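Reading through the structure tokens given below for one structure.
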Amino acid sequence: MNPDGYMMHKYQPDKAIGSTWHPLVHGKRSELAIQEDETAIIVYLLAEFYEETEDKEFVQNLYETMIQPMANFMSDFRDDTTKLPPCQLRSVGGKFLTNTYTTALVHRALSTAADLAELFEYPDDADKWRTVATDIAENCQVFIDPTRGFCEKGYLLDDNGELQFDNTSMFQVHTAV
């Protein structure tokens with residue numbers, strides 16, 4: 001784990017960045033060579049582990065060294081305009097997108113991190129992460145294509161502030177009647 005709280009995409013045993021297809025620059029911006037869902041899945045799985053085993057001591061021992069820095073990273077690593085995770089290079093398809101999978105997983109990881117923060121009596125962390133998770137949930141409607149009734153795979157926020165959607169549909173959206 002990087003000291004800033006994210007899992008590096010690939011790394012060497014000496015902690016140096018490993019070979020990767022991720023560019024360190026995209027357009028005119030420098031980028032982290034990561035996929036944020038690789039960080040989010042660890043937080044989510046630790047919460048699932050606790051739910052299954054009820055091994056509070058094990059998970060609590062990882063709170064300050066893993067869960068807290070990872071959840072803080074995910075809370076802060078968002079696009080200022082969309083309030084969602086920023087665009088990242090996807091290994092499948094090689095597209096630079098903010099994608100629905102990453103967004104959903106970050107939302108879930110922050111929600112479960114907030115639950116763990118409450119369990120371990122870190123109310124400020126719980127409030128912060130739950131607020132960010134709510135913010136993500138309120139802004140993810142951007143993925144829904146109302147004309148086709150499908151959820152888009154993702155989008156790229158271009159330099160002009162416009163969203164360029166990947167029209168590969170992920171799944172059909174069903175609304176309650």
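The values are calculated or read from the model by the stated rules, or taken from the named source; none is laboratory data. In this text the structure is predicted, and so the values were computed from the model without any measurement. Cβ atoms come from the backbone with ideal geometry, glycine included; neighbour counts cover every protein chain shown.
Out of everything in region 45-88 that is over 18 Å from the mean Cα position of the chain (by Cα) and aliphatic (A, V, I, L, M), what residue ends up being surrounded by the most Cβ atoms within 10 Å (Cβ to Cβ)? Going through the qualifying residues, I end up with V59. Once region 139-157 is narrowed to residues that are in contact (Cβ under 8 Å) with a residue 40 or more places away in the chain and assigned to a helix (DSSP H, G or I), the residue that is surrounded by the most Cβ atoms within 10 Å (Cβ to Cβ) is F143. Cβ separations smaller than 8 Å between residues 6+ apart or across chains give the following pairs from region 48-67 residues that are within 14 Å of A109 (Cβ to Cβ) to residues that are of a type in the set (D, E, K, R) and surrounded by fewer than 14 Cβ atoms within 10 Å (Cβ to Cβ): F49/D55; Y50/K56.
Residue check: is N160 assigned to a loop (DSSP other than H, G, I, E, B) and either at pLDDT 75 or above or more than 15 Å from L84 (Cβ to Cβ) (or both)?
Working: assigned to a loop (DSSP other than H, G, I, E, B): yes; either at pLDDT 75 or above or more than 15 Å from L84 (Cβ to Cβ) (or both): yes.
Considered against the rule, which asks whether it is assigned to a loop (DSSP other than H, G, I, E, B) and either at pLDDT 75 or above or more than 15 Å from L84 (Cβ to Cβ) (or both), N160 comes out as yes.
Residues in region 46-86 that are under 24 Å from G154 (Cα atoms) and at pLDDT 95 or above: M70, A71, N72, F73, M74, S75, D76.
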